[in-house]
Amino acid sequence: MEYRKSSMENVMIETPRLILREFVPEDLAGLYSLYEESDTRFLEPLSENREEELEKLKSYIHYIYGFYGFGLWAVCLKESGRLIGRCGLQVEFIGEQGDYELGYMISGKYQRMGYGREAVRAILSYAGEELEAPRVILRIDRENTASRRFAEEIGFHLSPRKLEAEPNVLLYIYDL
């Protein structure tokens, strides 16, 4: 696995079939296409106002990547550069404890082809090797059975801890 060794400055990870890179403002149209191609019931929606969403994206790029050096990244096919998802880590506090939280989304057109698994495994390796994280967490809506099954297949285990502020959300943990 390669981390930040590409000739493209904003590439974070390269896998055999994917490039995971920081988003750029020019990805806005691709993000909207991604949401149009996918089941987004369990995700925060994009704004109907594209200018507003562009400002959010620019702010995310500046503040999140600028402060943490990581975040949710664009998942692109290596062969074509096409944006097919977003996947990455965010810092999340549950109670007093700060954790790295995984987030992932692969376009409905590209699901069941192993791209999600490839991207998530690369990010888990990044979390362990680059960030020296002891664990990664994942919050999944109780009704999102596909995502729950995927998380368990990857190696996450369901925590018995209940999230009081989010009663319909389950906490999954991946120990590194």
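Miscellaneous remarks
- Unmet requirement for R142, which otherwise passes all of (1) surrounded by fewer than 13 Cβ atoms within 10 Å (Cβ to Cβ); (2) within 23 Å of G71 (Cβ to Cβ): (2)
- Unmet requirement for R121, which otherwise passes all of (1) modelled with pLDDT of 95 or more; (2) of a type in the set (K, R); (3) part of a loop (DSSP other than H, G, I, E, B): (3)
- Subset of the stretch 26-41 that is part of a loop (DSSP other than H, G, I, E, B) and surrounded by 15 or more Cβ atoms within 10 Å (Cβ to Cβ) - its residue that is farthest from the chain's Cα centre (by Cα): E37
- Any hit, the stretch 45-65, residues being surrounded by fewer than 16 Cβ atoms within 10 Å (Cβ to Cβ), in a strand (DSSP E or B) and not hydrophobic (A, V, I, L, M, F, W, C): no
- Of the residues making up the stretch 90-113, those that are touching a residue at least 60 places away in the same chain (Cβ under 8 Å) and either surrounded by fewer than 17 Cβ atoms within 10 Å (Cβ to Cβ) or part of a helix (DSSP H, G or I) (or both) are G108, K109.
- Selection from the stretch 45-66 of residues that are modelled with pLDDT under 95 and either hydrophobic (A, V, I, L, M, F, W, C) or within 14 Å of L34 (Cα to Cα) (or both): P45, L46, S47
The values are calculated or read from the model by the stated rules, or taken from the named source; none is laboratory data. These numbers come from a predicted model, not from an experiment. Cβ coordinates were reconstructed from backbone atoms using ideal geometry, including for glycine residues, and neighbour counts include every protein chain displayed.
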